[in-house]
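Worksheet for the structure shown next.
Here, each number is a calculation from the coordinates, and none is a lab measurement. Quantities reported herein were computed from a predicted structural model and do not represent experimental measurements. We place every Cβ from the backbone using ideal geometry, glycine too, and count neighbours over all the protein chains shown.
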Amino acid sequence: MKLTFWLLDINPKVDGGKVELWLWGITESGDRVLLVERNFVAYFYAILHGAADATLVSQKIMLRHSNLVAQTEVVQRRFFGKLVTAIKFSCKDATQTGKAARLVRKIDGVSDCYEDDIRAVMRYLIDNGLAPCSWHEVEVTEEANTQGVRAVKIYSINTPPELLENIAVAPPLRTLAYSMISYSHKGTPKADRNPVVMLSAVTGDGVEKQFIAGQDRDDKRLIQAFIAYVREYDPDVIVSYGGNATDWSYLLQRCHMHGFLLSLDRAGFEPHSSVYGHVSLTGIVNLDLVNFEAMFPEVKVKTLSNFAKKLGVTAGQGTVDDVVFADYWDSDAKRGELLMFSLDSAHRVYGVASLLLDFAIELSALTSLPLDQVMSAATGFRVEWYLIKRAQKIGEIVPRRVEQTYMTYTGGLVLSPKPGLHENIAVLDFKSMYPNIMITYNLSPDTYIQPGDPEPAEGINVAPEVGYRFRKAPAGFFQEALTYLIDVRGDIRKKMKLLTPKTVEYQVLDARQKAVKILTNAAYGYAGWVGARWYIKPVAEAASAWGRHIILAASQMAQKAGVAVIYGDTDSLFIEYDKAKADQLQADVKRELKLDVEIGEVYVRVFFTEAKKRYAGLRKDGSLDIVGLEVIRGDWAEVAKHVQEHVLEIILKEQSPEKALEYVRSIVIDLRKRRVPLEDLVIWKTLMKAPEDYAVRAPHVEAAKTLISRGWHLSTGDKVGYVVLAGKGPLYARVTPYVYAKGDQIDIEYYVSNQVLPAAARILAYFDINEKELARTTKEEKTRSLTDYF
DNA sequence: GCATACGGAGTACCA
DNA sequence: ACTGGTACTCCGTATGCG
């Protein structure tokens with residue numbers, strides 16, 4: 001029978017030497033089904049030396065490795081664009097591709113083996129043109145549920161499914177969000193001794209469930225009840241905040257201590273660690289919002305509530321800090337508050353997930369990485385799987401990842417800004433500069449001409465400065481892949497224009513164009529990544545060389561046309577705005593440099609210091625655009641950031657340095673009178689390596705050590721929030737984690753002289769108000785306030 | 001013995 | 001575990017002054 005289904009999840013099921021593929025689907029009528037593929041055959045390619053006789057080598061392989069090989073086939077493929085003869089080696093045992101490839105490599109006539117490192121699931125999806133999070137049609141035969149899996153029906157696949165291109169929208173997914181709290185008085189909870197005391201769950205139908213430990217904090221029944229609930233609700237997607245790194249292994253360990261399995265997925269297996277650091281639940285998509293946070297770099301301190309607030313998810317009133325979880329549990333008066341917070345957290349998880357799920361679905365469909373993997377995979381791997389999909393279509397063999405020495409190269413060009421205030425400044429932006437350079441000059445691993453190789457008849461593009469050569473034709477692999485992405489995005493945006501923004505279709509298309517955009521923009525970075533399968537350094541190097549050439553040429557064109565250039569960085573030029581001249585320049589640049597530029601933001605006023613990559617602009621709507629300055633940095637105290645932002649606002653809107661000075665003084669007074677809350681004095685810094693690995697004593701490292709000594713588990717990448725206390729000695733000796741600090745211990749003068757004044761003076765120094773002057777005036781003020789005090 | 005200068009370590013930003 | 005370019009603070013030692 002024929003069946004139409006949406007592919008939710010896919011996993012290999014290894015049984016001895018036999019690999020079955022389990023496709024978890026949702027049918028049009030909403031049935032959750034399992035489709036079993038039993039005809040999957042793994043294979044790899046052996047590329048032959050030019051002179052080798054393919055038939056002969058093939059026979060040798062069959063003879064020598066009859067125990068491993070099911071079939072060989074001589075095929076023509078491409079490798080880095082060059083036509084090659086290869087033997088497609090189909091394996092009897094799909095788990096033995098790596099071993100077989102190692103043996104075949106040793107055979108005379110074989111140059112090397114490839115694609116033995118492609119996982120079965122990805123092999124199947126890509127070879128058959130399937131994609132997770134997409135609709136497919138398949139010919140199947142129903143069978144009995146002998147496996148005991150949680151599915152309405154089970155089918156065996158007769159012939160591989162076919163992708164249905166035209167159906168866009170996903171079926172309604174049953175989503176369950178949860179948040180758990182463990183009991184620990186001393187730092188980070190440890191699964192071997194600290195029980196889970198609360199677990200809250202929220203589902204798509206609005207149902208809230210809370211699981212609470214007993215008075216003795218026994219979590220056995222809590223976890224059992226949660227497992228039973230998951231099985232009963234039967235979610236397609238489970239979302240958490242921190243599930244991959246923490247929750248799942250924690251729950252797993254608690255279960256095993258109690259003597260039962262954490263068996264809640266659709267196959268009755270336990271959660272298990274899988275690729276890209278994600279935890280896999282068979283038949284269920286396990287999402288961790290931590291993997292989505294990188295999309296929002298403006299959220300500096302990565303917590304669930306900060307994340308939710310950023311996205312406008314307003315569930316709940318406040319937050320309860322981890323430090324006091326155990327105290328709250330112990331207190332009859334506060335336990336209710338903790339319970340409320342736990343439920344709020346689950347609502348926040350659900351709320352954030354519902355805003356980002358569409359994007360994840362589209363990225364999954366585009367790259368073919370299963371939904372639960374695509375968000376935990378690094379950008380490079382997303383790009384790579386997209387490229388592997390394209391490679392398969394054009395018969396390009398996928399190279400192995402080879403270890404290579406890392407060598408830097410020159411990147412984008414940054415022009416020195418003209419310091420001061422400028423009126424009416426437009427930003428001229430090259431649209432998707434690097435991808436378009438790569439397309440225009442056909443930069444690709446397979447078009448690069450090695451030094452010494454002859455110039456092809458089709459002609460070459462020679463990169464400025466670096467001199468690398470690339471054939472003009474035929475179209476390279478990257479050109480083909482990038483052109484497709486850019487065209488698809490254009491089509492999506494055309495379709496979106498015909499729709500109302502509130503509709504489901506519009507939202508889905510918007511998510512899709514965002515997914516396409518991030519892949520497009522990551523292609524250049526991928527090309528320069530040593531870990532890339534298709535790493536050819538000259539490709540990235542040539543792209544940045546052309547970029548420098550183009551931005552410099554455009555700047556010179558502007559100046560020749562009498563348009564002053566104030567600043568520029570990589571793919572943008574800040575120019576004095578005159579509409580007629582700017583329009584002319586835009587057309588000239590397009591004609592001469594073959595790349596599209598757009599006139600982006602037109603600022604009413606912009607302020608530059610002498611520093612690159614730092615400025616503030618006033619938009620027409622009255623809002624500020626602040627770039628690079630302390631205001632948008634995560635490692636300055638809130639009080640300093642706020643002062644600088646307000647100073648910028650006064651300068652850009654009222655152009656009154658005097659007023660700004662008065663304002664700064666007033667804040668210094670507030671500080672000295674201890675009217676500024678502790679939270680505004682916290683400095684956050686990331687722990688970039690293990691505390692013991694630091695060469696010098698740094699404040700945030702000392703604070704981290706304090707936390708660790710109090711039982712907190714910190715790992716690299718964690719943010720440490722500290723405040724500076726009064727006392728003697730270097731800074732690092734006077735800091736403490738903010739959670740353990742009291743307001744009256746604070747070294748206010750540090751915050752005045754090392755935070756607020758430098759941040760303000762960064763701007764005001766240009767108006768002849770330097771730090772000294774700010775300090776002088778504030779000292780007078782200090783004397784006065786002290787007199788008042790006494 | 002102490003203040004200052006300066007390079008290195010460390011972090012976070014822009015594109 | 002996608003790239004390079006840049007600013008800036010704090011540490012730690014070298015340097016210079018008295």
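Quick notes on this one:
- Our estimate of slack between A:D588 and A:L552, defined as 0.36 nm per intervening residue step minus the Cα-Cα distance, is 11.5 nm.
- Cα-Cα over 29 Å, subset of A:K705/A:K728; A:K302/A:K494; A:K92/A:K517: A:K302/A:K494; A:K92/A:K517
- Enclosing the Cα atoms of the stretch A:20-122 in their convex hull gives a volume equal to 113 cubic angstrom per residue.
- Top positive-direction residue, dipole computed over chain A with Cβ charges, set A:N128, A:P456, A:A360: A:P456
- Loop-located trypsin sites (Lys or Arg not before Pro) in the stretch A:607-699 (DSSP state not H, G, I, E or B) with no more than 15 neighbouring Cβ atoms inside 10 Å: A:K612, A:K613, A:R619, A:K620, A:R633, A:K673, A:R674, A:R675, A:K689, A:R697.
- Spacing of the two label points (7 Å from each Cα toward its C-beta) at A:E139 and A:S354, in nm: 4.3 nm
- On the beta carbon distance between A:Y694 and A:R619, with R0 = 56 Å, the FRET formula returns roughly 0.85.
- Extreme residue, positive dipole direction of the stretch A:556-705, given options A:S623, A:A611, A:Y577 (C-beta unit charges): A:A611
- Of all complete DSSP H helices in chain A, those with a Cα span along the helix axis of 30 Å or greater and a mean Kyte-Doolittle hydropathy of 0.5 or more are A:335-367.
- Violating pairs (Cα-Cα greater than 32 angstrom) within the set A:K310/A:K389; A:K495/A:K579; A:K497/A:K537: A:K310/A:K389; A:K497/A:K537
- Anchor A:K418: lysines whose Cα lies under 19 Å away (excluding residues fewer than 8 positions away in-chain): A:K560, A:K612, A:K613
- Magnitude of the charge dipole, the stretch A:1-91, Cβ model with Lys/Arg +1 and Asp/Glu -1, debye to 20: 380 debye
- With a Förster radius of 45 Å applied to the beta-carbon distance between A:S156 and A:E465, the computed FRET efficiency rounds to 0.15.
- Across chain A, the mean sequence separation of Cα contacts (distance under 8 Å, 6 or more residues apart), normalised by length, yields a relative contact order of 10 percent.
- Annotation note: chymotrypsin sites (Phe, Trp or Tyr not before Pro) in the stretch A:506-542 located in DSSP loop regions with a Cβ neighbour count of at most 13 within 10 Å are absent.
- Its Cα centre serving as origin, chain A has a Cβ charge dipole (Lys and Arg +1, Asp and Glu -1) of approximately 1080 debye.
- Alpha carbon Rg of the stretch A:594-751, scaled by the compact-globule rule 2.2 N^0.38 Å: 1.28
- Each label was represented as a point 7 Å from its Cα along the Cα-to-Cβ direction; for A:K653 and A:E208 these points are 3.9 nm apart.
- Modelled FRET efficiency - R0 56 Å, A:T440 with A:H713, Cβ distances, 0.05 increments: 0.65
- Net charge of Cβ neighbours under 14 Å - reference A:L34; Lys, Arg +1; Asp, Glu -1: -3
- Ordering A:P691, A:G50, A:A475 by the projection of their Cα atoms onto the charge dipole of chain A, which places +1 on the Cβ of Lys and Arg and -1 on the Cβ of Asp and Glu, puts A:G50 at the extreme positive end.
- Over 32 Å apart at the Cα level, from the set A:K153/A:K514; A:K106/A:K689; A:K190/A:K742; A:K88/A:K594; A:K581/A:K772; A:K431/A:K689, are A:K153/A:K514; A:K106/A:K689; A:K88/A:K594; A:K581/A:K772; A:K431/A:K689.
- In this simple spin-label model, placing a label point 7 Å from the Cα along the Cα-to-Cβ direction at both A:R78 and A:D768 gives a separation of 6.7 nm.
- The stretch A:577-680, relative contact order [Cα under 8 Å, separation at least 6], %: 15 percent
- Using C-alpha pairs below 8 Å separated by at least 6 residues, the relative contact order for the stretch A:429-504 is 31 percent.
- Around the Cα centre of the stretch A:52-151, unit charges on the Cβ atoms of Lys, Arg, Asp and Glu (plus for the first two, minus for the last two) sum to a dipole of about 560 debye.
- Loop exposure criterion: GluC sites (Glu not before Pro), DSSP state outside H, G, I, E and B, at most 13 other Cβ atoms within 10 Å. Applied to chain A, the longest stretch between such sites is A:611-790.
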